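A.B. asks: Encoded as structure tokens, here's the structure I'll be asking about.
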Amino acid sequence: MRIIKRKTYRALVGPVWGENPISIQMLGICSALAVTVQLKTAIVMSISMTFVVAFSSLIVSMMRNWVPRNIRILVELAVIATLVILADEFLRAFYYDISKQLSVFVGLIITNCIVMGRAEAFALSNPPHLAFIDGIGNGAGYGSVLLAVAFIRELFGSGKLFGVKIIPESFYASGYEDMGFMLLAPAAFIIIGLLVWLQRYLTGD
Amino acid sequence: MGDLSNIFLNSVFVGNILLAYFLGMCSFVAVSKNIDTAIGLGFAVIFVLTITTPVNWLIYHFLLAPGALSWAGFPDMDLSYLKLVMFIVVIATMVQVIEMMIDRFSAALYSSLGVFLPLIAVNCAILGTSLFMVERNHTFLESTVFGFGSGVGWMLAIVLMAAIRMKLRYADVPKGLEGYGITMIVTGLMAMAFMLFSGITL
């Protein structure tokens, strides 16, 4: 019982910090950068991602003993694609504005290396409940980096958080200006680089 | 002609699939350590993109788009929600074919690309290009040029990056920033340089 608990715990917490998919394993960076101009899109993206990775791991893990090895990639892709379509259609139906802003990036969860990587590396060799927890952990790890980047970019780029002005008017009056650079693509790369540096420094690695 | 060359220039430089839209980062970071593998993977991506984008265009416009099935007698059919699945299946199949071809004709390339070939199937750049092609309403010819241009842009970025990283080996990078961290920052600087191309038209 104890071992199972420890394994479950590791599967959940490991990916959030020590084995973070984005900042340590360098997976799934593609979508991480494009949706981080605002916190709102980052949160929606993280939730969609967690949903997809958790359930795809669960399903792949449940099927792992029946799927022949040489067609496993196609099967995994089919599972992932179905889940992503669900998420995409859901967003389009209920949160149309955000879905428009996220543009193709929800669809691109299909090709996010995290989902595929977890299916290949973890779900294929672990029982369903562990795979599910591992998926949630990875979604959370992905989300935490996304939120951190989006926080910095939205705060310094447009002076807002969740679309609400945070930087007081008096700052602007005394000469403060929003950094337009933060909203452009290069800033995202540089912030991720610096975050990785910070994390490695903190973990003493 | 002007339109096509503009689409090409735009997809290579200003709207570089990697530096402006962040697509294909995973393999970019993983493979850019060595210039030869970077060139090999770059060509593979150009090849896959040039084939899959027009094929996906055909599939989208004759099977999936709203009203596309009117030639078969179903003018009200809208299967566009299936595009994600269709695109990814086409891409996965193409990648499998290319993998077999490389395995047959160039063992050296096959061994050096190793695990990354199957990863092209999940390279966001490939699917992303197809999705952008739908979103931007390209024609068939335009989508071919767009696919090719995106591939060239991606290859340009990864080869440049590999060259920079080879030089970086001799640089005195702060501990902790080595490897991944500095790669991202250098990519950011490169993206900045590529932004200067905006506004260029032929």
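A.B. asks: Suppose we filter A:L147, A:L86 for residues that are among the aliphatic types (A, V, I, L, M), under 19 Å from the mean Cα position of the chain (by Cα) and within 30 Å of B:N137 (Cα to Cα); which single one remains?
C.D. replies: Values: A:L147 fails: within 30 Å of B:N137 (Cα to Cα).
On inspection, the qualifying residue turns out to be A:L86.
A.B. asks: Further question on the same structure: Criterion first (at the interface with chain B (Cβ under 9 Å from one of its Cβ atoms), under 11 Å from the mean Cα position of the chain (by Cα), open to solvent by less than 20 Å² (accessible area, probe 1.4 Å) and not hydrophobic (A, V, I, L, M, F, W, C)) does A:N138 satisfy it? Steps first, answer last, please.
C.D. replies: Details: at the interface with chain B (Cβ under 9 Å from one of its Cβ atoms): no; under 11 Å from the mean Cα position of the chain (by Cα): yes; open to solvent by less than 20 Å² (accessible area, probe 1.4 Å): yes; not hydrophobic (A, V, I, L, M, F, W, C): yes.
So A:N138 fails the test.
A.B. asks: Follow-up. Scan the stretch B:40-81 residue by residue and report those that are part of a helix (DSSP H, G or I) and of a type in the set (G, A, S).
C.D. replies: Kept after step one, since they are part of a helix (DSSP H, G or I), are these residues of the stretch B:40-81: B:40-64, B:68-72, B:80-81.
Result: B:G40, B:G42, B:A44, B:A68, B:S70, B:A72, B:S80.
A.B. asks: Now for a separate question. Give the residues of the stretch B:104-122 that are more than 9 Å from every other protein chain (Cβ to nearest Cβ), assigned to a helix (DSSP H, G or I) and at pLDDT below 80, sorted by residue number. Even if it seems obvious, please write down each step before you answer.
C.D. replies: Step one: filter the stretch B:104-122 for residues more than 9 Å from every other protein chain (Cβ to nearest Cβ), giving B:104-117, B:120.
Imposing the further condition that a residue be assigned to a helix (DSSP H, G or I) reduces the set to B:104-105, B:107-113, B:116-117, B:120.
The answer is B:A107, B:A108, B:L109, B:Y110, B:S111, B:S112, B:L113, B:F116, B:L117, B:I120.
A.B. asks: Out of B:I158, B:I126, B:I185, B:I91, I need the residue that is more than 10 Å from chain A (Cβ to nearest Cβ) and either assigned to a helix (DSSP H, G or I) or at pLDDT below 80 (or both). Which one? Explain how you work it out, then say what you get.
C.D. replies: On the way: B:I126 fails: more than 10 Å from chain A (Cβ to nearest Cβ); B:I185 fails: more than 10 Å from chain A (Cβ to nearest Cβ); B:I91 fails: more than 10 Å from chain A (Cβ to nearest Cβ).
Of the residues listed, the single one that is more than 10 Å from chain A (Cβ to nearest Cβ) and either assigned to a helix (DSSP H, G or I) or at pLDDT below 80 (or both) is B:I158.
A.B. asks: Right, next: Yes or no: A:T50 touching a residue at least 40 places away in the same chain (Cβ under 8 Å) and either of a type in the set (S, T, N, Q) or in contact with a Pro (Cβ under 9 Å, 6 or more places away or on another chain) (or both)?
C.D. replies: Working: touching a residue at least 40 places away in the same chain (Cβ under 8 Å): yes; either of a type in the set (S, T, N, Q) or in contact with a Pro (Cβ under 9 Å, 6 or more places away or on another chain) (or both): yes.
Against the criterion (touching a residue at least 40 places away in the same chain (Cβ under 8 Å) and either of a type in the set (S, T, N, Q) or in contact with a Pro (Cβ under 9 Å, 6 or more places away or on another chain) (or both)), A:T50 qualifies.
A.B. asks: Pairs, please: C-beta under 8 Å, at least 6 apart or cross-chain, first residue under 21 Å from A:G107 (Cα atoms) and in the stretch B:62-82, second of a type in the set (D, E, K, R) and part of a helix (DSSP H, G or I)?
C.D. replies: Every condition considered, the pairs that remain are B:L64/B:K83; B:Y81/A:D88; B:Y81/A:E89.
A.B. asks: From the list A:A78, A:A187, A:A87, exactly one residue is facing chain B (nearest Cβ under 10 Å) and either in contact with a Phe, Trp or Tyr (Cβ under 9 Å, 6 or more places away or on another chain) or touching a residue at least 60 places away in the same chain (Cβ under 8 Å) (or both). Which is it?
C.D. replies: Numbers: A:A78 fails: either in contact with a Phe, Trp or Tyr (Cβ under 9 Å, 6 or more places away or on another chain) or touching a residue at least 60 places away in the same chain (Cβ under 8 Å) (or both); A:A87 fails: facing chain B (nearest Cβ under 10 Å).
Only one candidate qualifies: A:A187.
A.B. asks: All but one of (1) within 14 Å of chain A (Cβ to nearest Cβ); (2) at pLDDT 80 or above; (3) within 17 Å of B:I88 (Cα to Cα) hold for B:G24; which doesn't?
C.D. replies: It is condition (2) that B:G24 fails.
A.B. asks: Name the residue that is farthest from A:G141 (Cα to Cα), counting only residues in the stretch A:190-205 that are at the interface with chain B (Cβ under 7 Å from one of its Cβ atoms) and open to solvent by less than 70 Å² (accessible area, probe 1.4 Å).
C.D. replies: Among them, the one singled out is A:I190.
A.B. asks: Tally up the residues in the stretch A:162-180 that are within 20 Å of A:L198 (Cβ to Cβ) and open to solvent by less than 70 Å² (accessible area, probe 1.4 Å), please. Lay out the reasoning, then the answer.
C.D. replies: Going residue by residue through the stretch A:162-180, those that are within 20 Å of A:L198 (Cβ to Cβ) are A:179.
Of the ones still in play, those that are also open to solvent by less than 70 Å² (accessible area, probe 1.4 Å) are none.
Residues that pass the stated criteria total 0.
A.B. asks: Select from the stretch A:118-131 the residues that are out of contact with any Asp or Glu (no Cβ under 6 Å at 6 or more places or on another chain) and either surrounded by fewer than 24 Cβ atoms within 10 Å (Cβ to Cβ) or not in a helix (DSSP H, G or I) (or both) and list them in ascending order.
C.D. replies: Going residue by residue through the stretch A:118-131, those that are out of contact with any Asp or Glu (no Cβ under 6 Å at 6 or more places or on another chain) are A:118, A:120-121, A:123-131.
Hits for the stretch A:118-131 are A:E120, A:A121, A:L124, A:S125, A:N126, A:P127, A:P128, A:H129, A:L130.
A.B. asks: To continue, here is another question. Do we have any residue at all in the stretch A:94-117 that's of a type in the set (K, R) and either under 19 Å from A:I73 (Cα atoms) or open to solvent by less than 20 Å² (accessible area, probe 1.4 Å) (or both)?
C.D. replies: So the first thing to find is which residues in the stretch A:94-117 are of a type in the set (K, R), and the list is A:100.
Next, from what is left, pick out any that are either under 19 Å from A:I73 (Cα atoms) or open to solvent by less than 20 Å² (accessible area, probe 1.4 Å) (or both): none.
No.
The values are calculated or read from the model by the stated rules, or taken from the named source; none is laboratory data. Keep in mind that what you see is a predicted model, and the values were worked out from it rather than measured. No Cβ is skipped: glycine too gets one built from the backbone with ideal geometry, and neighbour counts run over all protein chains shown. Note: accessible area is taken over every heavy atom of the protein model, side chains too, but ligands, DNA and RNA are not part of it. Shrake-Rupley method; radii C 1.70, N 1.55, O 1.52, S 1.80 Å.
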